[in-house]
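Only one structure is covered here, and it is reproduced in the block below.
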Amino acid sequence: MADDKILILDFGSQVTQLIARRVREAGVYCEIHPFNKTDEQIRAFAPKGIILSGSPASTLEPGSPRAPEAVFSLGVPVLGICYGQQTMCMQLGGAVEGGHTREFGKAQLEVKKPCSMFDGVWGQGARSQVWMSHGDRVTKIPEGFEVMATSEGAPFAFIADEARRFYGVQFHPEVVHTLDGAKLLTNFVHKICGCGNAWSMKAFRETEIERIRKQVGEDKVICGLSGGVDSSVAAVLIHEAIGDQLTCIFVDTGLMRAGEAEEVVNLFKKHYNIPLVAVDASKKFLTALAGVTDPEQKRKIIGKLFIEVFDAEAHKIQDVAFLAQGTLYPDVIESVSFNGGPSVTIKSHHNVGGLPEKMKLKLVEPLRELFKDEVRALGRELGLPESFVGRHPFPGPGLAIRVLSDITAEKLAILRQADTIYLDEIRKAGLYDKIWQAFAVLLPVRTVGVMGDGRSYDHVLALRAVTSVDGMTAESYPFEHAFLAKVATRIINEVRGINRVTYDVTSKPPGTIEWE
């Protein structure tokens, strides 16, 4: 896997992660690094190909990002996407201008000439839907390049210098709205760069187990088990590598979905027989959150208290040298923005870098190179039950940020019961695996209603469900009215404290990182 790898240089696009996802899906390992890597660092990485991402910047702005010179002198294939195409052209002698017709959204690409990246995808004269997102555009291509395809707003939509294996596209092949984008990227990494397809969960599992054993040696490891898929998969993988040298600490915040705390304890203690310390800290969290309404403040309170409870339990275990975390690759990429990288800061609650220094522990992060879908695949490879691995994503702060007001035990109970009914009906309808994420939200309003022979003044509940291929873009799920009516009726009849249910049809466009 280490021999065949692609380097993706990030110029700040919010969909840069999708490029890596498509490359990984093609069975090729890749990493995302900031565009300002030195020539020496790029050579040391030894990529078999380089991809330049898009960017919110304009190449016409003074001081706008440029690719390191080594990108074009290393002798490996290069693919520039959107801004990546524009900076490639400017750096190699072409030109970019603003003020032309902008293209945002779907466009029709028309193939003008055959190209090795089109093999098995498009023939000459073919037309295909692509996704554009640009204001500036290339107006002059460098010497050696030819125009391979155009769109109405981009006369240089696809250009190529086949001799040097340099390619530039104005559209975004990484998003699902470009219908043949994944095939184009597959051709780039396999046919153009000559990479194999050794990247798989089976290969990763074997390699990572050996790496963990070498890193940890005979030392002890503690793992903060949140109950989510990420930390659970990390714990099972580490336990397979080092056995009872691992102890998991599960902090029950009281903010999980119905039955999940018990499920975690049963899975790890009884099924996997992994040493587990379970701490019921629900009263502490409820007290700390009393009166707090701001979701960002809730996140910080929950994170701080989690660390305090975890730290107290960790100190009861003797001679621990390592802390295990379920850090994922998106966390690593997005955290770059905290360290002067180009990415826009979206999240504020991932824990890249570990717990406070006072714990004096070294980190074990076996999932650090994986995306969410890959973690699920690894979980299946490790034998975790499908009901657990395939569970809808759940935010770290839990139900606290699905109650859009101050937190009370009563509100949590209402939300937990309503959410259970909603997911139960989704499963009964055979829709659970078709939906990326579905959940209920207790709104910060109450309404007057008539129930039976009396008036009520109760909470309003919102239901949300979205479909997604990768979690980066999403559409609201188009439930039939009869289904929503059935769910609403059950919730109002069975959950005391709710007299109105509404469905949220919000979707998220390309570029939005996460729902919660």
Could you please let me know if V403 is buried (at least 18 other Cβ atoms within 10 Å of the Cβ), within 30 Å of L370 (Cα to Cα) and at pLDDT 95 or above? no
Do any residues in the range 1-21 that are surrounded by fewer than 21 Cβ atoms within 10 Å (Cβ to Cβ) have Cβ atoms under 7 Å from those of residues that are of a type in the set (K, R), where the two are at least six apart or on different chains, and which pairs are they? K5/K48
From the residues in the range 303-331 that are modelled with pLDDT of 90 or more and aromatic (F, W, Y), which one is farthest from V236 (Cα to Cα)? F306
How about the range 187-212: which of its residues are over 30 Å from L384 (Cβ atoms) and of a type in the set (D, E, K, R)? K191
From the residues in the range 465-480 that are at pLDDT 90 or above and touching a Phe, Trp or Tyr at 6+ places or on another chain (Cβ under 6 Å), which one is nearest to V501 (Cα to Cα)? A465
Can you confirm whether the range 64-77 contains a residue that is within 14 Å of I159 (Cα to Cα) and either touching a Cys at 6+ places or on another chain (Cβ under 9 Å) or part of a loop (DSSP other than H, G, I, E, B) (or both)? yes
Go through the range 130-161 and give me each residue that's open to solvent by 40 Å² or more (accessible area, probe 1.4 Å) and of a type outside the set (F, W, Y). S133, R137, T139, K140, E143, G144, E146, E152, P155
Within the range 270-293, work out how many residues are exposed (fewer than 13 other Cβ atoms within 10 Å of the Cβ) and over 21 Å from T247 (Cα atoms). 4
Over the range 195-218, the set of residues open to solvent by 60 Å² or more (accessible area, probe 1.4 Å) and either under 29 Å from H315 (Cβ atoms) or β-branched (V, I, T) (or both) is T207, R211, R213, K214, Q215, E218
Just need a number here: residues in the range 102-122 that are over 31 Å from the mean Cα position of the chain (by Cα) and part of a loop (DSSP other than H, G, I, E, B). 4
Would it be correct to say that G224 is on the phi > 0 side of the Ramachandran plot and either hydroxyl-bearing (S, T, Y) or open to solvent by less than 30 Å² (accessible area, probe 1.4 Å) (or both)? no
For I192, which of the numbered conditions (1) open to solvent by 60 Å² or more (accessible area, probe 1.4 Å); (2) at pLDDT 95 or above fails to hold? (1)
Just to be sure, is V176 modelled with pLDDT under 95, of a type outside the set (K, R), open to solvent by 10 Å² or more (accessible area, probe 1.4 Å) and over 25 Å from E61 (Cα atoms)? yes
Residue among V450, V445, V441 that alone is assigned to a strand (DSSP E or B), modelled with pLDDT of 95 or more and surrounded by fewer than 22 Cβ atoms within 10 Å (Cβ to Cβ): V441
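The values are calculated or read from the model by the stated rules, or taken from the named source; none is laboratory data. As the structure is a computational prediction, the values presented were derived from the model and not from experiment. All Cβ positions, even for glycine, are placed from backbone atoms using ideal geometry, and neighbour counts span all protein chains on display. Please note that ligands, DNA and RNA were not included when accessible areas were found on the heavy atoms of the full protein model with its side chains. Shrake-Rupley method; radii C 1.70, N 1.55, O 1.52, S 1.80 Å.
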